[in-house]
Amino acid sequence: MNGKSDKTKIKSMTFEELEAFVESLGEKKFRAKQVFEWMHKGVRSFEEMTNLPKAFREKLAEAADLEALETETLQVSKKDGTRKYLFRLPDGQFVESVLMKYSYGNTVCISTQAGCRMGCAFCASCEGGLIRNLTAGEILDQVLAVSRDMGRKVDHVVVMGVGEPFDNYENLSRFLANIHDPRGFGMSFRSITVSTCGILPGIERFADEFPQVTLAISLHAPNAQIRGRLMPVDRTYPYEKLLETARKYVKKTNKRITFEYILIDGVNDSPQQAEELAGTLKGILCHINLIPFNEVLGRGFSSARPERVRRFQEVLQKNGYEATVRRELGSDIDGACGQLRAKKI
Ligand code: SF4
C-alpha cells in the first residue's frame with residue numbers, strides 16, 4: 001500500500017481484515033461492523049463515529065488512517081451540472097473524479113492510478129507517466145467523497161478515470177469487494193463498469209472474479225494498424241488477441257461488453273471504417289459507445305465533425321449494433337479525463 005502515513009489504512013481492508021485489526025487493538029469483533037458502516041457513510045474522522053466508546057476512538061485515531069481525500073478544486077458545469085473534482089492525496093499527488101447527471105441517476109467516474117503508463121496518443125492522463133497506484137481506500141474514497149458532497153449516495157460507478165484499472169488489479173479488486181459489501185456502501189455489481197485499454201490477463205481474471213460487473217474495452221480502432229498507432233498497449237496485447245479474449249469473455253459471463261470508440265477527425269471516423277468495425281466485431285455480444293474526441297492541447301488530434309459521428313453511428317446501427325453517442329457533458333469545464341490533473345503536474 002502507498003501513501004505517506006505509517007498508520008494502518010483501514011479503508012483498504014476487507015471486512016474480515018478489519019475485524020482482525022479491531023481485535024488486535026483489544027476490542028470486540030462486533031466493533032468492526034460499526035467502523036465499517038461509518039467509513040462507508042463517508043465520515044472524515046474517528047470523532048464522528050459517535051456510537052464507539054471514546055477510548056476506542058482515540059485508539060483508532062492513533063493507529064489507523066481513514067484515507068479521506070482532500071478536495072483541491074471543484075468545477076461545476078453551468079450547462080449540465082457535471083462536477084469535476086480534483087482530490088489531493090497525502091503524498092501530494094492528485095486524482096480526478098467526475099460526477100455526471102443522467103436521467104437514470106448519478107454516475108461517478110473514478111481514477112485508479114496517479115498518472116498512467118499506457119501512453120495512449122489521445123490521452124492527457126498519461127502526461128508524466130505513472131506516478132503510483134492508488135490504494136483500495138483511495139479508490140473508494142472518491143465515491144464516498146462525491147456522495148458526501150452530493151448529500152446522497154451515487155447510483156453508478158464507472159472506473160474510467162485516470163489510470164488503467166487492470167494495471168492495479170489487486171487494489172481494484174479490494175475496492176470492488178468493499179463497495180459491494182452490504183455491511184457498508186452496498187452497491188450492486190451491476191451498477192459498476194470497469195474500463196480497460198486491453199490488458200488481456202486482467203480481462204480473463206475479471207471474467208472469473210467479477211462476472212457481474214460490466215466490462216468496457218477501449219477499442220478506438222477498426223483494425224490493428226490504427227489501434228497500434230493510437231495505443232501502445234497493442235504491441236503487448238495485439239488487436240486480434242483482444243477480440244479473441246472478448247469473445248471468450250462473453251461466452252464465459254453471458255454479459256455484453258461495451259466497446260468504447262473515440263471518434264477522431266480523419267483518423268478513425270469514416271463510414272468505411274464504421275463498416276470495417278462492424279465486420280470486425282461480428283459475433284461479439286456488445287454495445288458500442290461512440291465518444292466525440294474531447295480536444296487535448298498539443299496532441300495533434302481534433303474531434304470528428306458531428307455529421308461524421310452521426311454517419312458512423314448509422315452504419316453500425318444498419319449492421320445491427322446497438323451504438324450510442326456519448327452525450328458531451330461538462331463542455332464548459334475541463335471535461336476530458338486528465339485535464340484538471342495535467343494542470344498540476
Ligand atoms: S486512455 Fe486510459 S489507459 Fe490510455 S493513457 Fe489514458 S488513462 Fe491510460
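All of the numbers you see were taken from the coordinates with simple rules; none came from a lab. Since the model is a prediction, treat every value here as computed from it, not as a measurement. With ideal geometry, Cβ positions are generated from the backbone for all residues, glycine too; neighbour counts draw on all protein chains shown.
Nearest 20 debye, what's the magnitude of the dipole of the chain about its Cα centre given +1 on Lys and Arg Cβ and -1 on Asp and Glu Cβ?
About 560 debye.
Taking the Cα atoms only, what angle lies between the long axis of helix 31-41 and the longest principal axis of the chain, rounded to 10 degrees?
40
Contour minus end-to-end for Gln34 and Glu275, with contour as 0.36 nm per residue of separation and end-to-end as the Cα-Cα distance?
Taking 0.36 nm per residue and subtracting the Cα distance, the gain is 81.2 nm.
Let me know the whole percent of all Cα-Cα pairs from segment 105-253 that are separated by more than 28 Å.
19
If contacts are Cα pairs under 8 angstrom and at least 6 residues apart, what is the relative contact order of the chain in percent?
16
With unit charges on the beta carbon (Lys/Arg positive, Asp/Glu negative), name the residue among Ser12, Asn51, Leu25 whose Cα is farthest towards the positive pole of the charge dipole of segment 8-65.
Result: Asn51, furthest along the dipole toward the positive end.
Over all directions, how big on average is the projection of the convex hull of the alpha-carbon atoms in segment 193-268, in square nanometres?
4.6
Would segment 6-128 count as rounded, prolate or oblate if I go by the C-alpha gyration tensor, calling it rounded below 1.5 in a/c and otherwise prolate when a/b exceeds b/c, oblate otherwise?
Verdict is prolate for segment 6-128.
Evaluate the Debye formula for segment 8-65 with equal point scatterers sitting on the alpha carbons, no solvent, and hand back log10 of I(q)/I(0) at q = 0.13, 0.18, 0.20, 0.31 Å⁻¹, in q order, two decimals.
Per q value, in the given order, log10 I(q)/I(0) is -0.25, -0.50, -0.64, -1.85.
Counting only DSSP beta bridges with both residues in the chain, tell me the antiparallel percent, nearest 5.
Expressed as a percentage, antiparallel bridges in the chain total about 45.
What 222 nm value per residue comes from the helices of the chain, counting each DSSP H run with n ≥ 4 as -39,500 (n - 2.57) and dividing by all residues, nearest 500 deg cm²/dmol?
-10500 deg cm²/dmol
Over all alpha-carbon pairs of segment 134-196, lay out the pair-distance distribution in 5 Å bins, whole %, shortest bin first.
4, 18, 30, 30, 14, 4, 0
I'd like the orientation of helix 54-63 relative to the chain: the angle between its Cα long axis and the longest Cα principal axis, in ° from 0 to 90, rounded to 10.
Approximately 50 degrees, to the nearest 10.
Hey, what angle do you get for helix 169-180 against the long axis of the chain, alpha-carbon based, 0 to 90 degrees rounded to 10?
Here the helix axis deviates by roughly 70 degrees.
Specify the inter-centroid distance of segment 258-299 and segment 37-86, based on alpha-carbon positions, in whole Å.
Using only Cα atoms, the two centres lie 39 Å from each other.
Before anything else, pin down the relative contact order of segment 8-65: Cα pairs under 8 Å, at least 6 apart, normalised by residue count, whole percent.
That works out to 38 percent.
Using the Kirkwood radius over Cα pairs, work out the Stokes-Einstein diffusion coefficient for segment 36-89 at 25 °C and 0.890 mPa s, in µm²/s as a whole number.
Answer from the Stokes-Einstein relation: 185 µm²/s.
Where the Cα atoms of segment 70-342 are projected onto their three principal axes, how long is each span, largest first, in whole Å?
Rounded to whole Å, the extents work out to 47, 40, 36 Å.
Treat each spin label as a single point 7 Å out from the Cα along the C-beta direction, and report the Ser5 to Asp265 distance in nm.
Inter-label distance under the simple model: 4.7 nm.
May I ask you to compute the full-extension gain from Met150 to Ala55, defined as 0.36 nm times their residue separation minus their alpha-carbon distance, rounded to one decimal in nm?
Working: separation 95, 0.36 × 95 = 34.20 nm, distance 3.18 nm.
That works out to 31.0 nm of additional length.
Between Leu285 and Glu17, with labels modelled 7 Å along Cα→Cβ, what's the label distance in nm to one decimal, could you check?
3.3
Using the structure shown, list the pairs from Lys101/Lys255; Lys78/Lys255; Lys101/Lys282; Lys9/Lys248 with a Cα-Cα distance above 27 Å, or answer none.
Exceeds cut-off: Lys78/Lys255; Lys101/Lys282; Lys9/Lys248.
Hey, got the dipole for segment 98-186? About the Cα centre, +1 on K and R Cβ, -1 on D and E Cβ, debye to the nearest 20?
Numbers: 8 positive and 9 negative charges, 52 e Å.
Here the size comes out at about 240 debye.
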